[in-house]
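Novice: Quick one: this structure, given as structure tokens, is what I'll be asking you about.
The values are calculated or read from the model by the stated rules, or taken from the named source; none is laboratory data. The model shown is predicted, which means the values in this text are computed figures rather than measured ones. Virtual Cβ from ideal backbone geometry, glycine too; neighbours counted across all protein chains shown.
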Amino acid sequence: MPFHQKLKAIILPFTLLSWLILLTSTLLHASPAAAARVGLPPEWVTLLAQAFFVLGVFLHQRSRPDPLRGTDFVGLLRQLVLGPGLLAAACVGLHLFERFVQYQQPGADRLLFAGVYTINLGLFIVFLAYANYAWRSLVLFRSTPRLRRDWVWFEILLGTTLLFRLFGWTPPAPVAYFILGGVAVFGFYMSGNQKWVAYLNRRQKWEVVFMQLTLLLCLGVFTLYFLRIGQDTQSVAPESQHSFLLLMVFFAGFYALAGLLVTFFNLPTVGVFEQKREEILGLQRLTQLIQKGQSEEEVYQMLFEAAIQTVEADAAWLDIETDEALHTGQRHVISEAHVEAIRTLLTDYNLGQIEYLNNDLPNSSGFRSLDLPYGSLIVMPMRSAKRHYGALYMLKEQRQSFDRENLSLLQTFTSQTVLSIENLQLVTASLQNERVKEELKIASSVQDSLIPKDLPIDDWFEIGSHALAAKEVGGDFYDFLHLPGKRLAILIGDVSGKGITAAFHMAQMKGIFHALMQENPLAKDDREKFPVPSKFMSMANRALTHCLEKSSFITAALYIVDYEHGGFVFARAGHCHTLYYHSIKEEVSYFRTAGLGLGIIRNDSYEKHIKNQFYDYNPGDVMVIYTDGIVEARGADQEEYGEERLKQMLEHTYYLEADAIKQQILNDLNEFSKGQPMHDDQTLLVIKFKAAQPEANI
Amino acid sequence: MKITQQTTENTLTLSLDGELDASSSVLLDTELTKPEVLDYRKVLIDCQRLNYISSAGLGVFISHLQRFQDANVKLVFFNMQEKVHNVFEILGLDTLMTIVPSEAEATAI
């Protein structure tokens, strides 16, 4: 708003100019000699200059930023007393100086009189404007929009009335009374808005009372001055000026007086206000501690201090209950021996750890016998739905010192504390959790590295593989190992259970596989350099005997494919049956062989429970090996995927490449168990035997 | 999972109702671990209402197998559903444990 800013810029010079005109006019009135030479200015010029001066000062003051900073009412009043107080002091000083001069030279200089008068007039108007807008800040503190609108009307009405008085126009008697009465009522209504007083504490209230008294004193000084010289001004200023000024005093004085009274009568209740404030602050402090994530110790200390301060306890202590024991966490003006004595007494009465208020301790014989100087006691337990955290004990020397409010306040304090403590524990737990998760992630990546990434590639077969753990780490495993003489060992297995334990055993099993599949240098026959599958299983069973816990077992199947001779030998140790497509018979079936899981029998009799199976494959045959996570996957009705459905899938897909068969099966499985949680790790290997490539035969 | 007990002079019969998974197998383990179980000559497991058995459930039986044998207590399963029997069979447990079709045959042993 450029216009608004331009206006603001010219206000100050304009006001100063008005005052200079006023000064000139008054001086001319005072000095007939000068008036004779220059000519006496007409009265309206004086009045207009004065009116503009008043308007200028008020507008300037109005456009200044709100003098109230936050809720610093005392600061505002201090400014008001210091600034305009100085003005009043200047006024008194000037007047005294003038009186002194007049005393020295009686009937002397009227010019000095007129000068001092004009200066004081200026000072007074500045004082009024300052006071008026300071009051505005107070009246409009946290005000409604309606009150703000009312204030504008009040300003307009006051201004209009003042202007009437200034120009010496007096409305007919009833109208004048009506207008004056209206302004008075309005002023009274405005003076009633003393909301700010409630925000002061006791000390501030006393300060405010004294400052308002000072302010009234300043007002009184100015009023007295203008009343005193009222009769004497005829020659220097129009009479109407004074009635205007006196009316101006009305609102400023009235508001100061009303504020003074309100503050004064608020003094007795200030204690209650402060106590409530203290309670709220205590609660706030406690709440803030939660966010800061301080230690439990600090939370307890905070509670203890806040509680003592709020109920003004003469003695107090705090019991803290941990999983192991109960101990005194904090004490205030009471010895451990006394604490112990009271605690024992309360326990005898079955009153420990429950909410309890006794305002007449000397009346209880048990307590009398302790001979302690206390009259009232509050016990406030700290507990949540889960557990007890201890209790807060507050003592006062006077009887009948605690009331229901104290009790409910302490209740709020303790529940807030319990909340903080549990929150802290949650934070600790979640940090711990975070760390465990981090470690699981590491375990997961370690395990991932145990699963072969590069599948064996050769002309004689193709392999598709899939492995997915239900949790971060799993118990399924598979591995490949090329053996000399165009042979390939394939191991698949599943450790009972899931998670970390299973993952450990899975890693162990992989170690066992690589350790046992080493060439035996003592073997006479090439074929005996590596253990046959059943031998491998008995050796693995023996190796696992000492490291597998009693209720754990491992199922595994080992296949050794000899693709020079087109056959394979395998042993199944309790593992899922192998699904097989015979290309010549054009038939899909399971190899239903016997074989006991590893770790079930932990002695040499295991050998009797494991057998080798030999099979000659043909090009085009497909072997599907998997873990129970596949066939036991649950569908929407909780039924299992099952061997039958897997078999049907192979019947429909055997002609595809190994990877495509695997994908088709997985798609069907995912479709089947859509929306169901994954219960178990899933591993699926599809091996398709192929005819030898032509160049291999050349 | 619900486990109900029935005792005669030298036979303890446990009827399993529901799914024997990781959490419910703890219940079963508690039952089988009780020392008085070994006072019976036979412990019969009625599997008629056993719909599912996880590896943890199998682990419970496996872990007590040796203990029962050492104490000369016979562990006999009967009324086993086809799919549960299949799980025992795949793991090879049918060769180690006595599984019979009916209660009459179980008591006759």
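Novice: More than 10 Å from chain B (Cβ to nearest Cβ), on the phi < 0 side of the Ramachandran plot and of a type in the set (Phe, Trp, Tyr): which single residue out of A:Phe553, A:Phe568 fits that description?
Specialist: Of A:Phe553, A:Phe568, the one residue that is more than 10 Å from chain B (Cβ to nearest Cβ), on the phi < 0 side of the Ramachandran plot and of a type in the set (Phe, Trp, Tyr) is A:Phe568.
Novice: Return the residue satisfying two criteria in turn: it lies in the stretch A:575-589 and is more than 60 Å from the chain's Cα centre (by Cα) and crowded, with 16+ Cβ neighbours inside 10 Å, and of such residues it is nearest to the other protein chains (Cβ to nearest Cβ). Can you show your working first?
Specialist: Narrowing the stretch A:575-589 to residues more than 60 Å from the chain's Cα centre (by Cα): A:580-589.
Of the ones still in play, those that are also crowded, with 16+ Cβ neighbours inside 10 Å are A:580-583, A:588.
Details: A:Tyr580: 16, A:Tyr581: 20, A:His582: 21, A:Ser583: 26, A:Val588: 18 Å.
Applying the filter and picking the extreme gives A:Tyr580.
Novice: So which of A:Leu257, A:Leu224, A:Leu267 ends up being modelled with pLDDT of 70 or more, in a helix (DSSP H, G or I), among the aliphatic types (A, V, I, L, M) and farther than 24 Å from A:Phe58 by Cα?
Specialist: Unique residue meeting the criteria: A:Leu267.
Novice: Out of A:Leu86, A:Leu96, report the one residue that is assigned by TED's automatic domain parsing to the domain that holds A:Gly187, within 27 Å of A:Ile10 (Cα to Cα), exposed (fewer than 15 other Cβ atoms within 10 Å of the Cβ) and over 46 Å from the mean Cα position of the chain (by Cα).
Specialist: A:Leu86
Novice: Can you tell which of A:Gly464, A:Gly493, A:Gly390 is within 14 Å of chain B (Cβ to nearest Cβ), buried (at least 18 other Cβ atoms within 10 Å of the Cβ) and either assigned to a loop (DSSP other than H, G, I, E, B) or in contact with a helix residue (DSSP H, G or I) (Cβ under 9 Å, 6 or more places away or on another chain) (or both)?
Specialist: Result: A:Gly493 is the single residue among A:Gly464, A:Gly493, A:Gly390 that is within 14 Å of chain B (Cβ to nearest Cβ), buried (at least 18 other Cβ atoms within 10 Å of the Cβ) and either assigned to a loop (DSSP other than H, G, I, E, B) or in contact with a helix residue (DSSP H, G or I) (Cβ under 9 Å, 6 or more places away or on another chain) (or both).
To keep it simple, each residue is scored yes or no on (1) among the aliphatic types (A, V, I, L, M); (2) modelled with pLDDT under 95; (3) closer than 20 Å to B:Gly57 by Cα.
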position: A:Asp526; (1), (2), (3): no, yes, no
position: A:Ala543; (1), (2), (3): yes, yes, no
position: A:Ser583; (1), (2), (3): no, yes, no
position: A:Gly595; (1), (2), (3): no, yes, yes
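Novice: If only one of A:Glu340, A:Glu324 is surrounded by fewer than 16 Cβ atoms within 10 Å (Cβ to Cβ), acidic (Asp, Glu) and part of a helix (DSSP H, G or I), which one is it? Before you say what the answer is, go through the steps one by one.
Specialist: Details: A:Glu324 fails: part of a helix (DSSP H, G or I).
Result of the check over A:Glu340, A:Glu324: A:Glu340.
Novice: Scan the stretch B:48-87 residue by residue and report those that are closer than 23 Å to A:Gly595 by Cβ, more than 10 Å from chain A (Cβ to nearest Cβ), buried (at least 21 other Cβ atoms within 10 Å of the Cβ) and not β-branched (Val, Ile, Thr).
Specialist: Scanning the stretch B:48-87 gives B:Phe77, B:Met80.
Novice: Looking at the stretch A:593-628, which of the residues that are under 18 Å from A:Asp562 (Cα atoms) and of a type in the set (Asp, Glu) is nearest to the other protein chains (Cβ to nearest Cβ)?
Specialist: My answer is A:Asp621.
Novice: Now for a separate question. A:Glu439: over 17 Å from A:Ile320 (Cα atoms) and loosely packed, with under 11 Cβ neighbours inside 10 Å, yes or no?
Specialist: no
Novice: Checking the condition within 34 Å of the chain's Cα centre (by Cα) and at pLDDT 85 or above, which residue from A:Gln416, A:Gln425 passes?
Specialist: It is A:Gln425.
Novice: For the stretch A:438-488, name all the residues that are at pLDDT below 85, of a type in the set (Val, Ile, Thr) and more than 49 Å from the chain's Cα centre (by Cα).
Specialist: Passing the criteria: only A:Ile457.
Novice: I'd like the residue in the stretch B:88-98 that is touching a strand residue (DSSP E or B) at 6+ places or on another chain (Cβ under 7 Å) and crowded, with 20+ Cβ neighbours inside 10 Å and, out of all such residues, is farthest from the other protein chains (Cβ to nearest Cβ).
Specialist: So the residue we want is B:Phe88.
Novice: OK, next. Which count do you get for residues in the stretch A:527-575 that are within 16 Å of A:Tyr606 (Cβ to Cβ) and not in a strand (DSSP E or B)? Quick ask: steps written out before the conclusion?
Specialist: Of the stretch A:527-575, the ones within 16 Å of A:Tyr606 (Cβ to Cβ) are A:531-548, A:550, A:552-558, A:571-575.
Filter again for not in a strand (DSSP E or B), leaving A:531-548, A:550, A:552-553, A:575.
Adding up the residues that qualify gives 22.
Novice: In this structure, does A:Ile378 turn out to be in the same structural domain as A:Val339 (by TED's automatic domain parsing) and outside any helix (DSSP H, G or I)?
Specialist: Taking the combined requirement at face value, the residue satisfies it.
Novice: For the stretch B:8-30, give me each residue that is farther than 23 Å from B:Lys83 by Cβ and more than 14 Å from chain A (Cβ to nearest Cβ).
Specialist: B:Thr8, B:Glu9, B:Asn10, B:Thr11, B:Leu12
Novice: A further question on this structure: I'd like the full set of residues that are touching a residue at least 24 places away in the same chain (Cβ under 8 Å) and not in a helix (DSSP H, G or I), limited to the stretch A:428-455.
Specialist: Matches in the stretch A:428-455: A:Ile451, A:Pro452, A:Leu455.
Novice: Output the residues belonging to the stretch A:12-27 that are surrounded by fewer than 19 Cβ atoms within 10 Å (Cβ to Cβ) and under 60 Å from the mean Cα position of the chain (by Cα).
Specialist: Passing the criteria: A:Leu12, A:Pro13, A:Phe14, A:Leu16, A:Leu17.
Novice: For the stretch A:28-66, name all the residues that are surrounded by fewer than 13 Cβ atoms within 10 Å (Cβ to Cβ), under 30 Å from A:Val152 (Cβ atoms) and of a type outside the set (A, V, I, L, M, F, W, C).
Specialist: Matches in the stretch A:28-66: A:Arg64, A:Pro65, A:Asp66.
Novice: Sticking with this one: Could you figure out which of (1) within 14 Å of chain B (Cβ to nearest Cβ); (2) over 60 Å from the mean Cα position of the chain (by Cα) isn't true of A:Val631?
Specialist: Condition (2) is where A:Val631 drops out.
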